[in-house]
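One structure is given here, and the rest of the page talks about it.
The values are calculated or read from the model by the stated rules, or taken from the named source; none is laboratory data. Bear in mind the structure is a predicted one, so any value in this text is a computation, not a measurement. Every residue, glycine among them, receives a Cβ derived from its backbone with ideal geometry; neighbour counts consider all protein chains shown. Keep in mind that these areas ignore ligands, DNA and RNA; they rest on the heavy atoms of the full protein, side chains included. Shrake-Rupley method; radii C 1.70, N 1.55, O 1.52, S 1.80 Å.
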Amino acid sequence: MKHNLKLEMKQSMDSLRFSDEEKNAMVYDLLDRTRQEKTKKHSGRKLVILALAACLVLTMLTGAAVFTRWSRTAQIRYNPSQDVKEQAQKSGLSVMLEETKGKENPNEVLSVTDQGVTITAVQSIVDNYGAEIIFRIEGFDLPEDKLPAAWPIVSIDGDKHFGGSQSGWFFDGTTRNDKGEWVYASDGSPVKYDDTQPFSPAILDYVADDGSLEYIYTISFEKTDGWHMGKEIVFSFQSIDFQSEKKAGMPEPQVEGNWELKWTLTGTSDSVTITPNAKIGDSDVILLDAEIGQKTIRARYQLKDYWEGWDEMEEFPQALWGVRMKDGSEHMCGGGTSGFEDEENMIYFTEFDIFDAILDISQVESLMFRKGLEMDGNGKPTIQTFYYIPVSVD
């Protein structure tokens, strides 16, 4: 009897809930090892069973960090390569929280069920500047015409008033494709709109195939010296809500209960500092230095004169916009913090999160700064152009 070894391997991995990319990488490795086994004397079926079992065990033991499944949100948002996943997990930036539970952490509570709803802390992505925590919510019925909402009470080391801005939202099942088009992450089709509703809102895809939702909570720390590392973080959810349909209305609680999760917050302080001391474009602003991490970049600028836009809370024109990698790909910065580090000496700073990637720092080719807009084929100024300042992080 003949067997499709590649198909059988993929089917065997379905129950492990790996992504297609992870399955393909593992299958390639397993097939390569199986070919090596053919030089030994085994029956055909026995060879398949032995090779699959041995290679799966070996792969799990020697490459667990590489093939660990990330949360749906992080996998889609950052689309990390296997190398980047391994780097993020080795550095401590990314932690799959369910894998850390053990005898050494007896007080951790990573999953709680109440009122038929289970909330589980799945993944943390943490550095000196910020934290991104991803939760999985199971057992909550979300109608197609409703938008989910939640707002937990958070404390670190027993303090609910630790310095830093915070926000939370549910992953809506959408992403951007290579052309920048807004599409559904599940199949790559364009996002649809509900023309029967006022203002034709987008039809979003909050619910995963298994019926779960993912909730993302982010913290931007005021103090960036890593004080939060090794401290207990506690999330207390008291309800899962629907967003109000009324303008500026309060969320509408649907399931009320007590879901308190807690664990020791860990992360990474790894980064590389470069000192280009280079002028940005045709401005008088000089990029003094930049601390480049896997998730956050802190840059300092020397200004010639006081920038009055700071008083009006305007966006700093010469602020870092993103990074260009050695393979030509570019990644944009998201939200962050900025201001005068030293107003007397006109030194400005920005601390920005890389929005759509976890960086392989060694592959950063240059830093990007906004230049202006060029005309598209229709004569409209829509094409963003940049100044590039090369960096060396080897």
Is it the case that some residue within the range 138-161 is touching a residue at least 40 places away in the same chain (Cβ under 8 Å), in contact with a His (Cβ under 9 Å, 6 or more places away or on another chain) and not hydroxyl-bearing (Ser, Thr, Tyr)? yes
Cβ pairs under 6 Å, 6+ apart or interchain, first in the range 225-240 and open to solvent by less than 50 Å² (accessible area, probe 1.4 Å), second among the β-branched types (Val, Ile, Thr), ordered by first then second residue, are His228/Ile156; Ile233/Ile156; Phe235/Val154; Ser236/Ile153; Phe237/Ile119; Ile240/Val255
Kindly establish whether Trp259 is in contact with a strand residue (DSSP E or B) (Cβ under 8 Å, 6 or more places away or on another chain) and either hydroxyl-bearing (Ser, Thr, Tyr) or touching a residue at least 60 places away in the same chain (Cβ under 8 Å) (or both). yes
If Thr350 passes every condition in (1) at pLDDT 90 or above; (2) more than 17 Å from Asp289 (Cβ to Cβ); (3) polar (S, T, N, Q) but one, which one does it miss? (2)
Residues in the range 373-394 that are open to solvent by less than 50 Å² (accessible area, probe 1.4 Å), assigned to a strand (DSSP E or B) and either in contact with a Pro (Cβ under 8 Å, 6 or more places away or on another chain) or of a type in the set (S, T, N, Q) (or both): how many? 2
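Among the residues of the range 284-300, what is the count of those that are outside any loop (DSSP other than H, G, I, E, B) and either over 25 Å from Ala131 (Cα atoms) or among the polar types (S, T, N, Q) (or both)?
Qualifying residue count for the region: 4.
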Of the residues that sit in the range 301-313 and are modelled with pLDDT under 85 and either under 30 Å from Leu93 (Cβ atoms) or in a loop (DSSP other than H, G, I, E, B) (or both), which one is least open to solvent (accessible area, probe 1.4 Å)? Trp307
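Rundown of residues vs (1) touching an Asp or Glu at 6+ places or on another chain (Cβ under 8 Å); (2) open to solvent by 90 Å² or more (accessible area, probe 1.4 Å), yes/no style:
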{"position": "Asp159", "(1), (2)": "no, no"}
{"position": "Gln166", "(1), (2)": "no, no"}
{"position": "Trp169", "(1), (2)": "no, yes"}
{"position": "Asn177", "(1), (2)": "no, no"}
{"position": "Gly180", "(1), (2)": "no, no"}
{"position": "Ser186", "(1), (2)": "yes, no"}
{"position": "Val191", "(1), (2)": "no, no"}
{"position": "Thr196", "(1), (2)": "no, yes"}
When you check Val255 against the structure, is it over 30 Å from Ser81 (Cα atoms) and surrounded by 17 or more Cβ atoms within 10 Å (Cβ to Cβ), yes or no? yes
Residue under evaluation Ile274, criteria (1) open to solvent by less than 40 Å² (accessible area, probe 1.4 Å); (2) in contact with a Lys or Arg (Cβ under 7 Å, 6 or more places away or on another chain), criterion not met: (2)
Give me a count of the residues in the range 258-271 that are open to solvent by less than 50 Å² (accessible area, probe 1.4 Å), farther than 30 Å from Asp141 by Cβ and assigned to a strand (DSSP E or B). 1
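Looking at Val122, Val66 in this structure, which one is aliphatic (A, V, I, L, M) and either at pLDDT 50 or above or closer than 23 Å to Trp263 by Cα (or both)?
Going through Val122, Val66 in turn, the sole match is Val122.
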Would you say Ser362 is open to solvent by 30 Å² or more (accessible area, probe 1.4 Å), under 27 Å from Thr175 (Cβ atoms), in contact (Cβ under 8 Å) with a residue 24 or more places away in the chain and among the polar types (S, T, N, Q)? yes
Selection count where residues are over 28 Å from Gly164 (Cβ atoms), open to solvent by less than 70 Å² (accessible area, probe 1.4 Å) and either outside any strand (DSSP E or B) or aromatic (Phe, Trp, Tyr) (or both), scope the range 323-346: 2
Would you pick out the residues in the range 77-126 that are under 18 Å from Cys333 (Cβ atoms), outside any loop (DSSP other than H, G, I, E, B) and open to solvent by 20 Å² or more (accessible area, probe 1.4 Å)? Arg77
